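Asks: A single structure is presented below for examination.
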Amino acid sequence: MERLNRKNAGIPSKHSIKVIQFGEGNFLRAFVNYIIDKLNKEAGFDAGVAVVQPIDAGLVDMLNEQDGLYNLFMRGVKSGKEIQEKRTISCIQKALNPYRDYSAYLDLATEEDLQFLISNTTEAGIAFDENDRLDKEPHNSFPAKVTALLWKRYQHFNGDPAKGLSIIPCELINYNADTLKEIILRYIELWDLDPEFRNWVEEHNSFHNTLVDRIVPGYPRAEIDQYQSQLEFEDKLIVTAEVFLLWVIEGGEDLKRKIPFDKIDENVLIVEDIQPYRTRKVRILNGAHTTMVPFALLSGKETVKETVDDDFTGKFVKNAIFEEINPTLDLSEEELKSFAEEVLDRFRNPFIKHQLASIALNSISKFKVRVLPSLLQYEERKGSLPVRLTFAFACLIRFYKGEWQGRDLPVQDDQQIVDFFRQVWSENDLEALVTKVLQKEDFWGRNLNDIENLNEQVQTALEEIGEKGVEEGFRSYKQKIGVKS
């Protein structure tokens, strides 16, 4: 089979470079490049992408061999219906390895039509390296490379205010753009660059914090023949992703005018503050995951899909989201309902096998960040404890015993946390155990014994789980605390 390229696919290179993209991995190709490609084809965005390989080893040679082309397969569930889509992505015009040719990388700064810099260099990428110097080629850190690029652009265009860039990092850290900007300013100081350049960076370049969300399994190695059979040309860069996509970008009217996101039917939001959306994702998506893991494993389930498809566990998770998590969030009820339904669709995705054991890692710290705030805010707003989140808390404590009905449980956490639970469970004193767990401020950030009725209800839940199992134990637990529904 002939290798995919622009000539045999009949797709010419026609876009000038409007975007520099740090990163050529699966996520950016299935997320950002998909959006840019759609903007080009449906909204006349006319944006070519120059991909920069952020580390020495990468895929730019393979991208260049295929003239920047590859196929994206999207599979998932939307409104209860299975969806499968295939798209040839053609927005990448060139791919560069700065470790091989740094001058070619810096020459990107002179591109007349350049407007955007987008990145995903992993959470470790946005970091300061004091050993980087301006004359070092290539620079070690991603922020140093960006600083050098901006300096070259500033010099080439004589500080033209119109030649600043919109910088949109997609690394999975909070305040990613603010952090990147702070490090760039540190390099300007370290390298003793012109104060007017610093002013140009701050006044004429915009930095946009982001939240990104899409599951991207990547190259389907185990099923490659099945995918390749659907294509006319051999593609070494096939990437797979779920159908769901969310991109929240902090920005205003200027950014909306620069990128016509409103012209395509995709879940891309430009907002003044991404934090409510970040909280929504952490509390609903991640919170539901963390809520379900111990509860579902103790119920005999192995995957997320199996959990949400089951009558008992599925209803438990859905009610926990809609009745106990959503009411604690300060977004519109309609917006929260829509997002929660999308989350459940993603959990049901038949094309992704998400093992509960694989998301059990560090469940204590995850519970603190993802679930406990919902539990505490619910109690504060409603004057009573949330039934399911409190029961899930008891399941978490029971899970850390490490075994259930003769089988080992996939407890994965810091050794001192594992040792603590091993010790308190060995004492065979449930009342003392719950008190000791709840008072661990290094686990929860506060002494949870101060929360009215929490100690008693967790004890009750643990007693019922121990005597009757999870499903019957939950029904009995509700009766004992006086909850009818």
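Every read-out reported here was derived from the displayed coordinates using simple, explicitly stated rules and does not represent laboratory data. Since the model is a prediction, treat every value here as computed from it, not as a measurement. Virtual Cβ from ideal backbone geometry, glycine too; neighbours counted across all protein chains shown.
Asks: Would you mind checking the pairs K86/K145; K78/K263; K86/K301; K436/K480; K41/K315; K181/K353 and listing those with alpha carbons more than 30 angstrom apart?
Replies: Pairs exceeding the cut-off: K86/K145; K86/K301; K41/K315; K181/K353.
Asks: Quick check: net charge around P386, other residues with Cβ under 13 Å of its Cβ, Lys/Arg +1 and Asp/Glu -1?
Replies: +1
Asks: Taking only the Cα atoms of region 291-480, how large is their convex hull per residue, in Å³?
Replies: Normalising the Cα hull of region 291-480 by residue number yields 116 Å³.
Asks: May I pose another question? Net charge near R422: determine it from the other residues with C-beta under 11 Å of the C-beta of R422, scoring Lys and Arg +1 and Asp and Glu -1. Could you put the intermediate results ahead of the total?
Replies: Working: positive: K401; negative: E403, D419, E427.
Neighbourhood net charge equals -2.
Asks: Here's something else I'd like to know. Along each principal axis of its Cα atoms, how long is region 6-271 end to end? Whole angstroms, biggest number first, please.
Replies: Cα spread of region 6-271 along its principal axes, largest to smallest: 56, 38, 33 Å.
Asks: Sorting K145, K368 on the 10 Å Cβ count, fewest up front, what's the list?
Replies: With the fewest neighbours first, K145, K368 line up as K368, K145.
Asks: Summing Lys, Arg as +1 and Asp, Glu as -1, what charge do residues with Cβ under 9 Å from the Cβ of T313 carry, T313 excluded? Please list the in-between numbers first.
Replies: Working: positive: K301, K315; negative: E306, D309, D310, D311, E471.
Its environment carries a net charge of -3.
Asks: Moving on to the next point. So what is the relative contact order for region 6-271, in percent, with contacts set as C-alpha pairs under 8 Å and at least six apart?
Replies: Taking the mean separation of contacting Cα pairs over the length of region 6-271, I get 21 percent.
Asks: Still on this model: Can you bin region 204-321 into rounded, prolate or oblate? Criterion: square roots of the alpha carbon gyration tensor eigenvalues sorted a ≥ b ≥ c, rounded for a/c under 1.5, prolate for a/b above b/c, oblate for the rest.
Replies: Cα axes put region 204-321 in the oblate bin.
Asks: Let me ask another. Using all C-alpha to C-alpha distances in the chain, build P(r) with 10 Å bins and read off the rounded percent in each one.
Replies: Computed distribution, short to long bins: 4, 18, 25, 22, 18, 11, 4, 0.
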